[in-house]
Amino acid sequence: MEEIIQFLAGILNREFIRAVFSNPRVKDNVVKAKLRPMEQKGELLFQLESFTKTQAFHKNLTVEETKDELAKLLEEFCQVQVETVSEDITVLLSKKGKATIKRKRKKVQAKSADLSHNRKKKYILEEGIVVPFLQDLGVMTQDGKIVRTKMDKFRQINRFLEFVEDILPQLDKDRELTLLDFGCGKSYLTFAMYYYLHELKGYDIRIIGLDLKTDVILHCNELAKKYGYEKLTFLVGDIADYEGVDQVDMVVTLHACDTATDYALAKAVGWNAKVILSVPCCQHEVNKQFEKQRNLHSGKMKSKTEAMEVSEMLGDQLASMEEVLGPIMDYGLLRERFAALVTDGLRAKRLESEGYETQVLEFIDMEHTPKNILLRAVKKGSPAAKSRKEAEDCERFLKIQPTLGMLLAEQKGDK
């Protein structure tokens, strides 16, 4: 290990461009780290950026501090990808500490790293490079500049493509892939996905966008034909009833309202989709169930029949639950937000129960609202009974019946 530390320390100079530390030994801590050179007041420093599943942390280090940090990083990660002006270097570390170094000399030297502290943000879709669909959607001018009033939209599109970029290793590049975008709307992100995956990355993909608005779907199909996107099609249809394909590799659902998200997630699980990206919207279902509980507890239930049904479902637990959750349930706004968090937490746990490695991430919302949670799920293994039990225990305690749990049970034939 000391030999590797000395080797990496020896290339910490102005020819060093970047290093990416990946394949962590412990999956629930820092999942990736990046190291780059920078300059402040004439001194060469190195910025270390560490990523957990939900956050990023930065710190600036001197050369000596960076050397000390290398020892910790090499204990935490099994792979390091290093780029210098003249070389590409891969370092592989086995569980027993055995190191393998692969060095490849560049035929043409790369440009030195930008050493400025506040570098300009590098986007996947860059300003100045003309992208036809961005022009037609009003985000970009004819000469490739971003319309100032659409800069937020431009950043949001790029942010979404960063999430897509992270899951590229999960997508098979040797065959045609099928992607479904449920509730695609004006399809900013649908066009962005096709352009990025097919035009920039060379994937053989077929993308189907589905929405209920006939005029929007007609316009999107016209644009796809105009760009020559032969495998990008848009259909009018409902998420719950769609049966147009037998196999799907990736399902995207952005701002499908209320339980429409649940139907999309259940469809994705039923297809055994490798990747799911979902930004839920308007989680009303659980909040309505909470509201019925409050009305029953306070004697405000309008219908006696409904009161009997809710009372039978809640049993003796209502009073104790009200005592515990009263500080939240007493206030409509807090109850609504709590219901939304419960809904998305249970969705994530349900996906885990189906064998998906699921992350709950912060996403810049397309409509500038606080609804900025993104669920990213990648199929990794077999169904997890523990996660299913956790979801069921939570639902049982709160006395709620979210749609996704019921849909998945129906798929399995559970009663």
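Using only side-chain charges placed at the Cβ, +1 for Lys and Arg and -1 for Asp and Glu, the dipole size of segment 194-271 relative to its Cα centre rounds to 320 debye. Look at the dipole of the chain built from charges on Cβ: of VAL80, THR214, ASN372, the Cα furthest out on the positive end belongs to VAL80. The translational diffusion coefficient of segment 47-179, from Stokes-Einstein at 4 °C and 1.567 mPa s with a Kirkwood hydrodynamic radius over alpha carbon pairs, comes to 68 µm²/s.
Against the main long axis of the alpha-carbon atoms of the chain, helix 151-166 sits at an angle near 80°.
Mind putting a number on the dipole of the chain about its Cα centre? Charges go on the C-beta only, +1 for Lys and Arg and -1 for Asp and Glu, and I need it in Debye to the nearest 20.
1120 debye
A full extension of the chain between CYS257 and VAL147 corresponds to an added length of 36.7 nm, given 0.36 nm per residue minus the alpha carbon distance. Spatially, segment 163-207 and segment 227-297 are offset by 18 Å when compared through their Cα centroids. Using the 1.4 Å probe convention, the accessible area of segment 1-138 works out to 61 Å² per residue with neighbouring protein chains retained.
Considering only HIS58, HIS198, HIS284, the mean-square fluctuation computed in a Gaussian network model of the chain, springs between alpha carbons under 10 angstrom, is largest for HIS58. Throw me the Rg/Rh for the chain, computed over C-alpha atoms with Kirkwood Rh, two decimals. So for the chain, dividing Rg by the Kirkwood Rh gives 1.02. Any chance you could give the angle, 0 to 90 degrees and rounded to 10, that helix 332-353 forms with the longest Cα principal axis of the chain? Value to nearest ten degrees: 70. Between ILE208, ILE167, ILE89, the residue with the greatest mean-square fluctuation in the GNM of the chain (Cα pairs under 10 Å linked by springs) is ILE89. Per residue, the average separation of C-alpha pairs within less than 8 Å and at least 6 apart gives the chain a relative contact order of 10 percent. Simple spin-label estimate for ALA99 and GLU162 gives 3.1 nm between the two label positions (7 Å along the Cα-to-Cβ direction from each Cα). Relative to its Kirkwood radius, the Cα radius of gyration of segment 166-256 gives an Rg/Rh of 0.94. For VAL147, nonlocal amide neighbours, meaning residues 5 or more places apart or on other chains whose placed amide H falls under 5 Å from its own, are MET140, THR141.
Between GLY237, GLY202, GLY97, the GNM of the chain built on Cα springs shorter than 10 angstrom shows GLY97 fluctuating the most. Using R0 = 41 Å, the C-beta based FRET efficiency linking ALA240 and LEU92 works out to 0.30. Pairs over the 20 Å Cα-Cα cut-off, from the set LYS292/LYS389; LYS34/LYS59; LYS32/LYS106; LYS41/LYS122; LYS186/LYS379; LYS153/LYS349: LYS292/LYS389; LYS32/LYS106; LYS41/LYS122; LYS186/LYS379; LYS153/LYS349.
How large is the accessible surface per residue of segment 206-285, computed with a 1.4 Å probe and reported in Å² as a whole number?
Dividing the accessible area of segment 206-285 by its residue count gives 43 Å².
Computed from Cα atoms, the angle from the helix 214-227 axis to the main principal axis of the chain rounds to 20 degrees.
Annotation: aspartates and glutamates with alpha-carbon distance below 15 angstrom to LYS288 (same-chain offsets under eight excluded): ASP258, GLU306, GLU309, ASP330, GLU336, GLU395. Fully extending the segment from ARG155 to GLN247 would add 30.0 nm, taking 0.36 nm per residue of separation and subtracting the current Cα-Cα distance.
Note on the chain: helix-only mean residue ellipticity at 222 nm, from DSSP H runs of 4+ residues weighted -39500 (n - 2.57) and normalised by residue number, equals -12000 deg cm²/dmol. The fraction of accessible area contributed by carbon and sulfur in the chain is 50 percent, rounded to a whole number (1.4 Å probe; ligands and nucleic acids excluded).
The values are calculated or read from the model by the stated rules, or taken from the named source; none is laboratory data. This is a predicted model, so every value here is computed, not measured. So basically every Cβ, Gly included, is an ideal-geometry build from the backbone, and we count neighbours across all protein chains shown. With ligands, DNA and RNA removed, areas are computed over all heavy atoms of the protein, side chains included. Shrake-Rupley method; radii C 1.70, N 1.55, O 1.52, S 1.80 Å.
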